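Have a look at the structure below, then the notes.
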Amino acid sequence: MSCSYNNHDIKSPPKKASAVIKPIIFLLLIITVILLNYFHLEQYLDKDRLRQIAASYGALVPIVYLLVWTCGPLFLPGLPITIAGGILFGPFWGVVYTAIGATSGAACVFLVARYLARDWVAARISGAKLANLDDKVARHGWKIVAFTRLIPIFSFSLLNYAFGLTKISFLPYVITTFFCMLPSTIAYVYFSSNILDLFQGKISRGLIIGIILVVVVSLIPLVYKRVKARRGEEAEL
């Protein structure tokens with residue numbers, strides 16, 4: 001099976017927009033830290049204190065977090081939600097809640113595309129491009145979903161919409177999405193669970209491990225493209 005992408009098969013978000021989102025998120029984080037220090041609220045940069053506060057509300061905070069994840073992918077990028085999960089719940093429960101929430105969000109977008117917004121999604125993806133993805137899914141099934149989760153070259157949300165228009169069944173889609181998103185989920189949650197150490201001027205072991213995990217996950221698409229290029233092949237599905 002040739003599990004690769006053609007850059008013309010599915011429209012990725014405009015480069016300018018996608019290039020601006022992450023810097024804005026990190027800029028907002030820096031501004032938040034400055035404001036917390038200005039108003040002498042440094043205790044809210046203590047991850048243990050934040051997790052104690054979240055735990056004091058019992059199941060309410062995890063439930064709200066899962067609800068945000070379920071509806072968020074319809075109109076929000078997943079990165080800030082993931083960062084919040086790592087900070088509030090720590091590396092273990094952060095991964096658990098984020099994996100469940102991100103899968104729920106992917107499932108929600110899938111169902112919206114399949115039953116409520118087919119015309120809107122079809123307008124974003126041309127007939128030939130959608131037909132190509134649908135053909136690959138018809139021949140390879142869940143393996144195509146696994147590939148797109150393990151090597152996230154294109155927009156998470158856009159692919160969720162696109163898969164909703166293909167022939168893949170809902171249950172295989174959800175199960176594959178859950179398990180194949182775990183590597184990137186673990187990396188980003190572990191990193192974000194230690195990110196407040198950096199804002200407090202600490203370079204902890206957990207933070208270093210988190211940075212390494214994020215770098216490794218981020219390099220996977222680049223390595224994949226380079227391997228395909230050396231073989232003289234396009235990164236096509």
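Derivation of every value follows stated rules applied to the coordinates shown; laboratory data play no part. Keep in mind it's a predicted model, so treat the numbers as computed, not measured. Methodologically, a virtual Cβ is constructed for each residue, glycine included, from the backbone with ideal geometry; neighbour enumeration extends over all protein chains shown.
In percent, what relative contact order does region 137-188 have, based on Cα pairs under 8 Å that are 6 or more apart in sequence?
Value for region 137-188: 53 percent.
Please turn the phi angles of region 75-84 into ³J(HN,Hα) values with the Karplus equation 6.51 cos²θ - 1.76 cosθ + 1.60 (θ = phi - 60°), one per residue in order, whole Hz, x for glycine and proline.
Result, ordered by residue: 8, 10, x, x, 4, x, 5, 5, 4, 4 Hz.
Once you keep just the Cα pairs under 8 angstrom separated by 6 or more residues, what percentage relative contact order results for region 41-105?
Details: 52 pairs, mean separation 25.7, N = 65.
It rounds to 40 percent for region 41-105.
By counting other Cβ atoms within 10 Å of each Cβ, how are LEU133, LEU219, LEU74 ranked from fewest to most?
Result, fewest neighbours first: LEU219, LEU74, LEU133.
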